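Asks: Dumping the structure here so I can ask a few things about it.
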Amino acid sequence: MFALALGCGDVAGSEPAECPEATAGGEEGTADELSELMAEVIAPRICAQVTNAFIGMPGEEGHEGAEGGIDPAVGRWWIRRCTARVEEGRLSVSFGGPGWTWLDRESTGFRVRQYLRFEADAAFSASLHVGYDARTRIATVWLRPAPGVTAEVRPTGLVQAEATGIFSAMLGGILDLTGNSASQRAQAQAAEEGSQRLAAKLQEGFTVTFELDTEQLDFMLGALPRGVVPQRPFQPDGVPWLVNERSAVWPGGVDVIGPIAADAGGVTVDLELEEGDGAHVRRVCAEDMHRWLDAAWNGQQQGPPRGDLLVELRGTHAPRAVQVPERSCTDLLVITPMPESTQPAMLRYRVVSDQTRAEAVAEAAAQAGQANHATPTVGTNGASPTAGGQPTSTGLPRAFRIEIRSLSVSAQNADGDGWDMFGGEPDPYVVVLSIADGQELHRTEAQDDRREVTLGRWLPGAVSIDAFPIRFVVYDEDVAGDEVVGSADLEASQLTGSDREITLDVRSQGERPRRTGAIRIRLQPQR
């Protein structure tokens with residue numbers, strides 16, 4: 001696959017490659033021989049990847065195509081059985097396991113609104129096809145099932161159908177007398193419709209994408225066009241992620257994300273509660289979670305799964321970044337609404353390897369150059385940074401909250417040109433880095449066609465004084481590639497023991513940096 005994914009350019013020991021066409025593999029992907037080769041390669045590996053994975057169950061209403069990647073999961077399918085083999089050049093796969101999903105249905109005067117536990121099995125035979133789009137530098141693998149996908153969903157928990165009116169209540173009583181209750185009918189309907197929907201979704205096939213520029217691998221159900229990747233709740237920022245999803249969890253429910261392999265090392269989880277009364281996010285060793293689920297399936301009353309509480313989310317639209325140190329077991333992330341919750345918790349989350357993020361941050365810092373060290377940034381108080389970025393006085397708090405209040409960008413870049421190829425305004429966003437730790441602390445969303453931006457965005461959590469100096473790198477988002485507007489450093493010597501606002505000059509890169517904007521921040525010491 002990697003050989004197929006090479007773009008146009010020079011190859012050592014050969015003539016420069018020519019690119020007469022923007023895509024490779026034809027409209028239907030690769031030839032039959034390569035499809036068979038891909039099946040042989042993937043078959044021994046696919047079960048190792050999906051066994052004990054928790055696959056998100058989509059809601060009844062969602063987006064089509066790439067936009068389906070932003071829809072929340074409303075339950076999980078725990079894959080515990082899997083077989084894969086090659087038959088007549090096709091990949092033949094069967095898998096199954098227990099799961100749960102949220103049902104909210106009303107029909108003929110009865111309503112079902114609950115989590116449904118189920119056991120499901122599915123099987124299909126698929127051909128594999130590979131394509132490459134040189135314009136977007138995206139490689140695509142399609143799994144196209146042959147007709148005849150089979151799926152069976154068997155509800156294993158009680159389905160309770162409640163009457164919504166006087167007539168339906170009377171009808172429910174009559175059904176009970178005949179030994180055919182509304183709840184039994186609802187359970188049978190759930191089994192039939194669930195089996196049909198699962199088979200129909202699997203029949204759509206699968207798409208695997210790989211972006212050469214970011215090395216981001218992604219996967220989703222359904223067929224995407226060549227050169228198109230799934231949309232995700234957290235927009236691309238150049239750092240490959242391990243998980244990037246959205247969940248909706250109703251009171252009394254649980255959501256499980258993962259597994260996150262032990263060899264992934266330390267990771268950072270970016271989270272944001274978008275709706276609801278709040279949620280707890282824990283990390284639980286996979287074996288412990290498996291035992292907890294088995295007990296729940298056997299009807300044992302239990303509290304929340306045992307594990308380390310990573311974060312308690314209460315306020316909506318307050319992004320958080322939580323570092324999760326490495327440990328020996330395979331981790332799962334477990335989401336539960338607050339015990340007192342009356343509304344479902346909707347949240348988005350992204351898991352990124354700390355090592356991968358550090359490498360990306362180091363590259364961004366290198367691009368920003370040494371301009372700020374050669375020409376020290378001066379705040380509105382006129383204080384100059386001191387060597388090493390250490391505070392000039394004693395008794396300072398050991399941590400500070402930082403708010404990015406506003407941003408302004410000059411009308412022209414350092415070369416005197418406009419920011420947009422067609423004369424438009426810049427689309428600025430800010431990336432906040434700890435120079436001392438080599439870590440990204442926060443980034444704002446791009447603002448379309450704006451030179452003056454009011455942000456009012458607090459960095460998630462307090463920033464330790466040991467993390468200073470802090471660098472604010474301003475970018476102009478562009479389809480052709482984001483451009484560095486400039487950067488500004490906040491040194492520890494500019495900190496005081498009281499609330500204050502500071503304006504920092506944003507300066508361009510290069511030997512002769514120019515002022516290309518200003519960023520206004522607020523500092524709030526944490527005592």
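Asks: Within segment 450-468, does at least one residue satisfy the condition of being in contact (Cβ under 8 Å) with a residue 24 or more places away in the chain and either in contact with a Cys (Cβ under 6 Å, 6 or more places away or on another chain) or polar (S, T, N, Q) (or both)?
Replies: There is at least one residue in segment 450-468 that is in contact (Cβ under 8 Å) with a residue 24 or more places away in the chain and either in contact with a Cys (Cβ under 6 Å, 6 or more places away or on another chain) or polar (S, T, N, Q) (or both).
Asks: When you look at Arg80, is it within 21 Å of Glu152 (Cβ to Cβ), touching a residue at least 24 places away in the same chain (Cβ under 8 Å) and out of contact with any Phe, Trp or Tyr (no Cβ under 9 Å at 6 or more places or on another chain), yes or no?
Replies: Numbers: within 21 Å of Glu152 (Cβ to Cβ): yes; touching a residue at least 24 places away in the same chain (Cβ under 8 Å): yes; out of contact with any Phe, Trp or Tyr (no Cβ under 9 Å at 6 or more places or on another chain): no.
Spelling it out, it is not the case that Arg80 is within 21 Å of Glu152 (Cβ to Cβ), touching a residue at least 24 places away in the same chain (Cβ under 8 Å) and out of contact with any Phe, Trp or Tyr (no Cβ under 9 Å at 6 or more places or on another chain).
Asks: Now for a different question. I want to confirm something. Restricting to segment 507-527 and keeping residues that are small (Gly, Ala, Ser) and assigned to a loop (DSSP other than H, G, I, E, B), which single residue is farthest from Tyr429 (Cα to Cα)?
Replies: Only one residue tops the list, namely Gly510.
Asks: Filter segment 471-527 for residues that are touching a strand residue (DSSP E or B) at 6+ places or on another chain (Cβ under 9 Å) and under 30 Å from Arg135 (Cα atoms) and give the result.
Replies: Val473, Val474, Tyr475, Asp476, Glu477, Asp482, Glu483, Val484, Val485, Gly486, Ser508, Gln509
Asks: Another question, if that's okay. Do the conditions hold for Ala414, that is, is it touching a Ser or Thr at 6+ places or on another chain (Cβ under 6 Å), among the hydrophobic types (A, V, I, L, M, F, W, C) and modelled with pLDDT under 90?
Replies: So Ala414 passes the test.
Quick grid of which residues meet (1) in a helix (DSSP H, G or I); (2) of a type in the set (D, E, K, R); (3) more than 24 Å from Arg320 (Cβ to Cβ); (4) in the same structural domain as Glu272 (by TED's automatic domain parsing):
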| position | (1), (2), (3), (4) |
| --- | --- |
| Asp417 | no, yes, yes, no |
| Leu455 | no, no, no, no |
| Pro460 | no, no, no, no |
| Tyr475 | no, no, no, no |
| Ile502 | no, no, yes, no |
| Asp505 | no, yes, yes, no |
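Asks: Return the only residue of Asp427, Asp489, Asp449 being on the phi < 0 side of the Ramachandran plot and out of contact with any Lys or Arg (no Cβ under 7 Å at 6 or more places or on another chain). Talk me through it step by step, then tell me what you get.
Replies: Working: Asp489 fails: out of contact with any Lys or Arg (no Cβ under 7 Å at 6 or more places or on another chain); Asp449 fails: on the phi < 0 side of the Ramachandran plot.
Matching residue, one of Asp427, Asp489, Asp449: Asp427.
Asks: Is it the case that some residue within segment 64-75 is more than 19 Å from Thr150 (Cα to Cα), assigned to a loop (DSSP other than H, G, I, E, B) and at pLDDT 90 or above? If you could, list the steps in order and put the result at the bottom.
Replies: If we filter segment 64-75 for residues that are more than 19 Å from Thr150 (Cα to Cα), which is where we start, we get 64-75.
So of that shortlist, the ones also assigned to a loop (DSSP other than H, G, I, E, B) come out as 64, 71-72.
So of that shortlist, the ones also at pLDDT 90 or above come out as 71-72.
Yes, that holds for at least one residue.
Asks: Then there is this: Would you please name the residue that is farthest from Ile465 (Cα to Cα), looking only at residues in segment 479-500 that are under 33 Å from the mean Cα position of the chain (by Cα) and assigned to a strand (DSSP E or B)?
Replies: Across segment 479-500, the extreme among qualifying residues is Glu483.
Asks: Now for a separate question. Determine whether Ala261 is closer than 27 Å to Gly438 by Cβ and under 16 Å from the mean Cα position of the chain (by Cα).
Replies: No, not satisfied.
Asks: Condition first: modelled with pLDDT of 90 or more, surrounded by 16 or more Cβ atoms within 10 Å (Cβ to Cβ) and among the aromatic types (Phe, Trp, Tyr). Can you find one or more residues in segment 218-228 that meet it?
Replies: No, because not a single residue in segment 218-228 is modelled with pLDDT of 90 or more, surrounded by 16 or more Cβ atoms within 10 Å (Cβ to Cβ) and among the aromatic types (Phe, Trp, Tyr).
Asks: Give me a count of the residues in segment 127-166 that are modelled with pLDDT of 90 or more, within 13 Å of Gly205 (Cβ to Cβ) and small (Gly, Ala, Ser).
Replies: So the answer is 1.
To keep it simple, each residue is scored yes or no on (1) within 30 Å of Ile404 (Cβ to Cβ); (2) among the polar types (S, T, N, Q); (3) without any contact (Cβ under 8 Å) to a residue 40 or more places away in the chain; (4) part of a loop (DSSP other than H, G, I, E, B).
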| residue | (1), (2), (3), (4) |
| --- | --- |
| Val269 | yes, no, no, no |
| Arg282 | no, no, no, no |
| Leu293 | no, no, no, no |
| Ala296 | no, no, yes, no |
| His317 | yes, no, no, yes |
| Val322 | yes, no, no, no |
| Arg327 | no, no, no, yes |
| Leu332 | no, no, no, no |
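Asks: Do we have Ala39 as among the hydrophobic types (A, V, I, L, M, F, W, C), within 21 Å of Thr140 (Cβ to Cβ) and surrounded by 18 or more Cβ atoms within 10 Å (Cβ to Cβ) here?
Replies: Answer is yes for this residue.
Let's see how each residue does on (1) modelled with pLDDT of 90 or more; (2) surrounded by fewer than 20 Cβ atoms within 10 Å (Cβ to Cβ); (3) under 23 Å from Thr342 (Cβ atoms):
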| site | (1), (2), (3) |
| --- | --- |
| Val249 | yes, no, yes |
| Ala262 | no, yes, no |
| Ala279 | yes, no, yes |
| Arg283 | yes, no, no |
| Arg291 | yes, yes, no |
| Ala296 | no, yes, yes |
| Gln300 | no, yes, no |
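The values are calculated or read from the model by the stated rules, or taken from the named source; none is laboratory data. Fair warning: this is a prediction, and the values are worked out from it, not measured in the lab. Ideal geometry is used to build each Cβ from the backbone, glycine not excepted, and the neighbour counts take in all protein chains shown.
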